[in-house]
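These notes are about the structure you will find just below.
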Amino acid sequence: MRLLPWTGVDGKPCYLSSDDPHSPLSRLADDIEAAQLRSAAEVLAGARAVLADAKAGERAVRFALTRSAESLEDVLRVAVSRGARVEAAIRPD
């Protein structure tokens, strides 16, 4: 079971039950994970810039923190998903 990088309408995790890492849905999930990681890197750079600016106002800091929290959630989901797949790959049957 692969944890997908999105949630259902109800906010619950979505899983893919497939042994084919090259299926269309697996490839879509890989592409979305890659986009989420790129976005997180951009958000981190922006947050660092805001934090380095002594004149940044509360609004800028709150925005940077909000986006950072969103990105952290995405990155943690990717890490959990990839960790589970690595664990499954090395676990003997």
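Okay, here's what the table says:
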{"item": "Check on GLY46, open to solvent by less than 60 Å² (accessible area, probe 1.4 Å), assigned to a loop (DSSP other than H, G, I, E, B) and over 20 Å from GLY83 (Cβ atoms)", "result": "no"}
{"item": "Neighbours by Cβ (under 8 Å, 6+ apart or cross-chain): first from segment 79-92, farther than 18 Å from ALA35 by Cα; second basic (Lys, Arg) and not in a helix (DSSP H, G or I)", "result": "ALA84/ARG2; ARG85/ARG2"}
{"item": "Conditions (1) part of a loop (DSSP other than H, G, I, E, B); (2) over 28 Å from VAL86 (Cβ atoms); (3) not basic (Lys, Arg); number of the one not met by GLY11", "result": "(2)"}
{"item": "Residue in segment 4-16 that is touching a Pro at 6+ places or on another chain (Cβ under 7 Å), open to solvent by less than 40 Å² (accessible area, probe 1.4 Å), hydrophobic (A, V, I, L, M, F, W, C) and in contact (Cβ under 8 Å) with a residue 40 or more places away in the chain present", "result": "no"}
{"item": "Test result for LEU51, in a helix (DSSP H, G or I) and open to solvent by less than 100 Å² (accessible area, probe 1.4 Å)", "result": "no"}
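The values are calculated or read from the model by the stated rules, or taken from the named source; none is laboratory data. In this text, all values refer to a predicted model and were calculated from it rather than measured experimentally. Quick reminder, even Gly has a Cβ in these numbers, built from the backbone with ideal geometry, and neighbours come from all protein chains shown. The area values use the complete protein model at the heavy-atom level, side chains included, leaving out ligands, DNA and RNA. Shrake-Rupley method; radii C 1.70, N 1.55, O 1.52, S 1.80 Å.
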